[in-house]
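For reference, the structure is listed below as structure tokens.
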Amino acid sequence: MKTKSISPAVIKRLPRYYRYLGDLIKKNTERISSKELSTLMSVTASQIRQDLNCFGGFGQQGYGYDVKTLHGEIGLILGLEKGYTSIIVGAGHIGHAIANHSTFKTRGFNLCGIFDIDPDAIGTEINGLTVKSMDEIDSFIKENKPDIAVLALPKNAAMGVADRLVALGIRGFWNFSACELCLPEGVAVENVHLSDSIMTLSYRIKETESKGV
């Protein structure tokens, strides 16, 4: 499968394609054209075709896309069949929300541990998992070998914790700490800046006001 030199913008759109196709499967839609998909997603049909052609195309002239097949192929591209295991570091509000979100199970991720330094949090239960002390994280990772760490902890603690986890074998970070992690090549990082998102929303509101919408 052709996956070299793919634009980050294309990769960012793949989960959205996967989500919309999943919704179509639930509605028993068997096939869809790029034009019909573009109407649903507010992405041009040309852009959809260009994106999917990066990985081989998958469509047929005059037929469009087989929804289940395309959904499955995008899942493979995203690696969702791998069943990556995850831990959460930080059992505060964000950690709670992530642990209770359906994404882990529905997207094939297995949440196997939650950790914190707060004595009031340690020993409590979140979505069936008991919050463990950070003192236990080294032995837990060596025993369970999780792939991903979700960082839901303060900015000033994130870099030190990330370095520690990389040394223990963590291969990917979903980072909610508002700290830009600088990690070795080969370690994947997806930074989630909630403040960036709300500021982008502010810009869009301002633009609609300036246009008199």
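Quickly run through the range 72-97 and pick out the residues that are under 29 Å from Ile6 (Cα atoms) and among the hydrophobic types (A, V, I, L, M, F, W, C). Walk me through it before giving the result.
Within the range 72-97, the first condition is being under 29 Å from Ile6 (Cα atoms), and the residues that meet it are 72-87.
Hits for the range 72-97 are Ile74, Leu76, Ile77, Leu78, Leu80, Ile87.
Are any residues in the range 130-156 open to solvent by 30 Å² or more (accessible area, probe 1.4 Å) and farther than 25 Å from Gly79 by Cβ, and if so, which ones?
Thr130, Lys132, Asp135, Glu136, Asp138, Ser139, Pro154, Lys155, Asn156
Can you tell me how many residues within the range 184-196 are out of contact with any strand residue (DSSP E or B) (no Cβ under 6 Å at 6 or more places or on another chain) and surrounded by 10 or more Cβ atoms within 10 Å (Cβ to Cβ)?
Narrowing the range 184-196 to residues out of contact with any strand residue (DSSP E or B) (no Cβ under 6 Å at 6 or more places or on another chain): 184-187, 192-196.
Then keep just the ones that are surrounded by 10 or more Cβ atoms within 10 Å (Cβ to Cβ); that gives 187, 192-194, 196.
Result for the range 184-196: 5.
Among the residues of the range 110-129, is there at least one that is in a strand (DSSP E or B), of a type in the set (Asp, Glu) and open to solvent by 60 Å² or more (accessible area, probe 1.4 Å)?
First, the residues of the range 110-129 that are in a strand (DSSP E or B): 110-116, 125-126, 129.
Subset that is of a type in the set (Asp, Glu): 116, 125.
Then drop every residue that is not open to solvent by 60 Å² or more (accessible area, probe 1.4 Å), which leaves 125.
The answer is yes, given that some residue of the range 110-129 is in a strand (DSSP E or B), of a type in the set (Asp, Glu) and open to solvent by 60 Å² or more (accessible area, probe 1.4 Å).
Go through (1) surrounded by fewer than 19 Cβ atoms within 10 Å (Cβ to Cβ); (2) modelled with pLDDT of 90 or more; (3) of a type in the set (A, V, I, L, M, F, W, C) and name the single condition Ile74 misses.
(1)
Could you figure out which of (1) in contact (Cβ under 8 Å) with a residue 60 or more places away in the chain; (2) surrounded by fewer than 19 Cβ atoms within 10 Å (Cβ to Cβ); (3) over 17 Å from the mean Cα position of the chain (by Cα) isn't true of Gly64?
So the condition that Gly64 fails would be (1).
Tally time: how many residues in the range 17-61 are in contact (Cβ under 8 Å) with a residue 12 or more places away in the chain, open to solvent by 20 Å² or more (accessible area, probe 1.4 Å) and part of a strand (DSSP E or B)?
Qualifying residue count for the region: 1.
Considering only residues that are outside any helix (DSSP H, G or I), open to solvent by 20 Å² or more (accessible area, probe 1.4 Å), touching a residue at least 12 places away in the same chain (Cβ under 8 Å) and polar (S, T, N, Q), which ones fall in the range 77-109? Talk me through it step by step, then tell me what you get.
Residues of the range 77-109 outside any helix (DSSP H, G or I): 79, 83-92, 101-102, 107-109.
In the following step, the residues that additionally are open to solvent by 20 Å² or more (accessible area, probe 1.4 Å) were identified as 83-85, 92, 101-102, 107-109.
Right, trim to touching a residue at least 12 places away in the same chain (Cβ under 8 Å) and you get 83-85, 92, 107-109.
Passing the criteria: only Thr85.
Are any residues in the range 157-171 of a type in the set (D, E, K, R) and either open to solvent by less than 40 Å² (accessible area, probe 1.4 Å) or not in a helix (DSSP H, G or I) (or both), and if so, which ones? Quick ask: steps written out before the conclusion?
If we filter the range 157-171 for residues that are of a type in the set (D, E, K, R), which is where we start, we get 163-164, 171.
Hit for the range 157-171 is Arg171, nothing else.
The values are calculated or read from the model by the stated rules, or taken from the named source; none is laboratory data. What you are looking at is a predicted structure, and each value in this text was computed from that prediction instead of being measured. For neighbour counting, all protein chains shown are included, and Cβ atoms are generated from backbone atoms with ideal geometry for every residue, glycine included. The area values use the complete protein model at the heavy-atom level, side chains included, leaving out ligands, DNA and RNA. Shrake-Rupley method; radii C 1.70, N 1.55, O 1.52, S 1.80 Å.
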